[in-house]
Every structure is written in C-alpha cells, then in structure tokens.
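Take a look at the structure set out below.
Just so it is clear, none of the values below were taken in a lab; they were calculated from the coordinates. Values in this document were obtained by computation on a predicted structure and should not be read as measured data. Ideal geometry is used to build each Cβ from the backbone, glycine not excepted, and the neighbour counts take in all protein chains shown.
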Amino acid sequence: AQRVTQPEKLLSVFKGAPVELKCNYSYSGSPELFWYVQYSRQRLQLLLRHISRESIKGFTADLNKGETSFHLKKPFAQEEDSAMYYCALPRGGSQGNLIFGKGTKLSVKP
Amino acid sequence: GAVVSQHPSWVICKSGTSVKIECRSLDFQATTMFWYRQFPKQSLMLMATSNEGSKATYEQGVEKDKFLINHASLTLSTLTVTSAHPEDSSFYICSVLAAPSYNEQFFGPGTRLTVL
C-alpha cells in the first residue's frame, strides 16, 4: 500500500543551524513527491515538488529511490521557517489525490 | 496559483443539525476539488474527490449519506455534514486541482466545525 512516513512530530533547531525533515515513502514505481508547508494561521501551500528540482526559500529535497526517501533540507534555518511541514505522495504515483504524511512541526529558535 | 475560499471559516452547531460548508475557486474553473478532514495535531485525511457535474468519489470509511458533496459548478463545491455529532467536530479543508497534468493542488483556508 502507498504510504508516506514522517518519523518526527517535532523538530527544534536554533537559527542558523541546518535542518533536515525526513520523509519516507512506500510506492513501487517512480513517484512524484511534494512538500507542503502550513505557517501558523495560514493555509496549506506547496513548498516544492521533486520534478521541479528547484530551491524554494532555501529548501531543497532530493528523491532517493534506493532509500525511498524525499528528505527536506535547508542549510541555515531561519525563524520564519517555523511551521508544519507535510510530505505528500499522489495516489497512483503521479496523478490524483494526495496521501499526506503526519507532518513535522519545525520550530526555529532565535 | 488558484485562489480558494471557504465559507464559513468556523461554525458551531448543536448535535443533530446539518451544516453546509462552501468551497469556491475564485479565479479558476475547477473540474476537480478535494475535501479533507484534519483532526487536531494530525495530518490531512482525504474524505472525497468532488467532480463537477458528477457524483463525488468517497474514500473508504467515509459515509456518503453523512457527508454530502455537491459540485454543481466549476467554481463551487459544497460539503454538508448531516445530523452532525460531536465526533464530527474537526477542521475541514478543500482544495482545487489546478492543471491536472501538473497535479498541483491549491488549498482553502479551512472551516472549523464544532458540534456541541
């Protein structure tokens, strides 16, 4: 069955420290994966998708098929990065509705 | 990206009453919208896929007769929680599927339902 696992409920780092939010997935083919972010009192919004291979707000994520992972990384965390982060996998791998991980709350302390 | 609104943003109702939640795509004609439910400190769980002009597709375990979805136009989908009970209290979020080939969803701000 398709599944998205985010093992950390909460990740707390100091400003300027590197950040890695873990995401592992279960899918037999070549999936398309997303990271969504939800800032306090704001709606869920797309942060990045792996096919774009772009860096948004300093975040990057690389799909590792061998480890079935799509970890989100940022070399220097900022206080404004504090938010809930959700990893998501489309049902069917590339199309259709999303299966979300349980989310990781990132707290960046000054 | 698409702008999605939800109304109301929060609602409190008595047990046994029905509540309607609207999801509007303000600047995009959406043939497909999704309805999610989010319990406190938990992830989003897909409830149903709403397709304009046809019946919604419900996820396993979601009662069709309890959560009525109507997608009568390309800009509006409604979710009606019928005979609401306290366990239906949750945060309901809709999203619009923009550019299906690109598989990008734009989310509404959510509706907080509290059933007394």
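Assorted remarks:
- Legend: ranking of residues B:S73, A:S28 from fewest to most surrounding C-beta atoms inside 10 Å; resulting order A:S28, B:S73.
- Legend: P(r) of the protein assembly as shown from all alpha carbon pair distances, 10 Å bins from 0, whole percents, reading 8, 32, 34, 20, 5, 0.
- Computed over chain A: relative contact order in percent, which uses C-alpha pairs under 8 Å that are six or more apart: 38 percent
- Computed from label points 7 Å out along Cα-Cβ, the spacing between A:K57 and A:A17 is 1.9 nm.
- Ordering B:F28, B:Q105, B:S9 by the projection of their Cα atoms onto the charge dipole of chain B, which places +1 on the Cβ of Lys and Arg and -1 on the Cβ of Asp and Glu, puts B:S9 at the extreme positive end.
- Equivalent ellipsoid semi-axes, chain B, via Cα gyration tensor eigenvalues times 5, rooted, Å: 23, 14, 13
- The residue among B:M45, B:S83, B:S95 whose Cα reaches farthest toward the positive pole of the charge dipole of region B:2-116, with charges on the beta-carbon of Lys, Arg, Asp and Glu, is B:S83.
- Once C-alpha pairs closer than 8 Å and six or more residues apart are averaged by separation and normalised to the residue number of chain B, the relative contact order reads 36 percent.
- Backbone geometry of region B:17-34 corresponds, through the Karplus equation with coefficients 6.51, -1.76 and 1.60 at θ = phi - 60°, to 3J(HN,Hα) couplings of 8, 10, 10, 10, 10, 9, 10, 10, 9, 7, 9, 8, 8, 9, 7, 10, 10, 10 Hz, x marking Gly and Pro.
- Once backbone amide H atoms are built at 1.01 Å from N, A:R91 has A:N97, A:L98, A:I99 as its partners under 5 Å, excluding neighbours fewer than 5 places away on the same chain.
- Only the Cβ atoms of Lys and Arg (+1) and of Asp and Glu (-1) were treated as charged; on that basis the dipole of region A:16-60 about its Cα centre amounts to roughly 180 debye.
- Taking all Cα-Cα distances within chain A, those exceeding 21 Å account for 30%.
- Per-residue Cβ neighbour rank within 10 angstrom, fewest leading, A:L63, A:L33: A:L63, A:L33
- Projecting the Cα atoms of A:V13, A:L98, A:A77 onto the charge dipole of chain A, computed from C-beta unit charges around the Cα centre, puts A:L98 farthest toward the positive end.
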